[in-house]
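Below is one structure, written out as structure tokens; the observations come after it.
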Amino acid sequence: MRVLLTRPRAQSEELGAHLRARGCEWLGEPLLRIVPVPWDPNVLEGRQALLLTSANGTRALLRSSSVRRDTPVFAVGQATAAPLLAAGFSHVHIAGGTALDLMDHIRRRADPQAGPLLHLGGYDIAVDLAAGLAPDGFEVDRAIVYRACAANRLSARAIHGISRGCIDAAVFLSARTASTFCGLASKSGLSAFCTRMTAVAISHKVAEALRPMKFRHVAIAASPSLGGILDAVCGKPGPSSA
């Protein structure tokens, strides 16, 4: 099986290594380019905790030499938390993998009266944590630490692989990546060829973003995790596969 990975290169390489261990070949086609945005580390002061919804936010935080390793952090999932734990952060709370899981985790573990929270994230956000947590009395500020810039075309290698039927599946881990692929594939005249491929989505929301394009099958991971994605790629989707 040959799998198209659409995440930024570093994240695709990690997933690709796991796929290779399961006997799959992979082709990287980054549809988003992560661009760091300058930010003032002083915004970290006086916060009850920091909120991280992606590994990109984690990398931005770790680039700051002034952040204390005992700073409480709420991470959306294991992939976001792992670099923090490796760097010696001692108070990392790990949610179940989605922004909704993260908000539920914060409601259970944090105190609205203990001070404001700070979300380190991208310019574009899928879920507004401040709006979601406001009814529970939490104050959530936001610091933009990166931008995700969408590709404006598919690579010649990806076009060749899809049009020749050499790509069996494509993996999508965000709604923006999914919608970007649909637009670029249509622009490249690949709509008919995508009907030969399986699309693997990390969530129902991502699967919805794939609706403009017809695929052979859309498999939704049983959980928003590395294991869930690997199982879906290898033919073990959860009950919510479409």
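Miscellaneous remarks
- Restricting the range 161-178 to residues that are under 16 Å from I220 (Cα atoms) and among the polar types (S, T, N, Q) leaves a set whose member that is nearest to the chain's Cα centre (by Cα) is S174.
- Failed item in (1) outside the structural domain of E14 (by TED's automatic domain parsing); (2) under 30 Å from C234 (Cβ atoms); (3) modelled with pLDDT under 95, with I94 passing the rest: (3)
- Filtering the range 176-194 to residues that are under 17 Å from G161 (Cα atoms) and not hydrophobic (A, V, I, L, M, F, W, C) leaves S186, K187, S188, G189, S191.
- When residues of the range 54-80 are limited to those that are small (G, A, S) and modelled with pLDDT under 95, the one surrounded by the most Cβ atoms within 10 Å (Cβ to Cβ): S54
- Scanning the range 3-15 for residues that are under 22 Å from F193 (Cβ atoms) and either surrounded by fewer than 15 Cβ atoms within 10 Å (Cβ to Cβ) or free of Cβ contacts under 8 Å to residues at least 24 places away in the same chain (or both) yields a count of 1.
- Count of the range 16-53 residues which are surrounded by 15 or more Cβ atoms within 10 Å (Cβ to Cβ), more than 25 Å from H119 (Cβ to Cβ) and either touching a strand residue (DSSP E or B) at 6+ places or on another chain (Cβ under 9 Å) or among the aliphatic types (A, V, I, L, M) (or both): 7
- Out of A209, A222, A201, one residue alone is modelled with pLDDT of 95 or more, under 17 Å from the mean Cα position of the chain (by Cα) and over 20 Å from R2 (Cα atoms). It is A209.
- Breaking point among (1) of a type outside the set (A, V, I, L, M, F, W, C); (2) more than 25 Å from R9 (Cβ to Cβ); (3) out of contact with any Ser or Thr (no Cβ under 9 Å at 6 or more places or on another chain), for P212: (3)
- Criterion (among the basic types (K, R), out of contact with any Lys or Arg (no Cβ under 9 Å at 6 or more places or on another chain) and either outside the structural domain of G228 (by TED's automatic domain parsing) or not in a loop (DSSP other than H, G, I, E, B) (or both)) met by exactly one of R68, R7: R68
- Scanning the range 142-160 for residues that are crowded, with 18+ Cβ neighbours inside 10 Å and under 30 Å from G46 (Cβ atoms), we see that the one that is nearest to the chain's Cα centre (by Cα) is A148.
- Restricting attention to the range 62-111, the residues being touching a residue at least 60 places away in the same chain (Cβ under 8 Å) and more than 19 Å from L226 (Cα to Cα) number 2.
The values are calculated or read from the model by the stated rules, or taken from the named source; none is laboratory data. As the structure is a computational prediction, the values presented were derived from the model and not from experiment. So basically every Cβ, Gly included, is an ideal-geometry build from the backbone, and we count neighbours across all protein chains shown.
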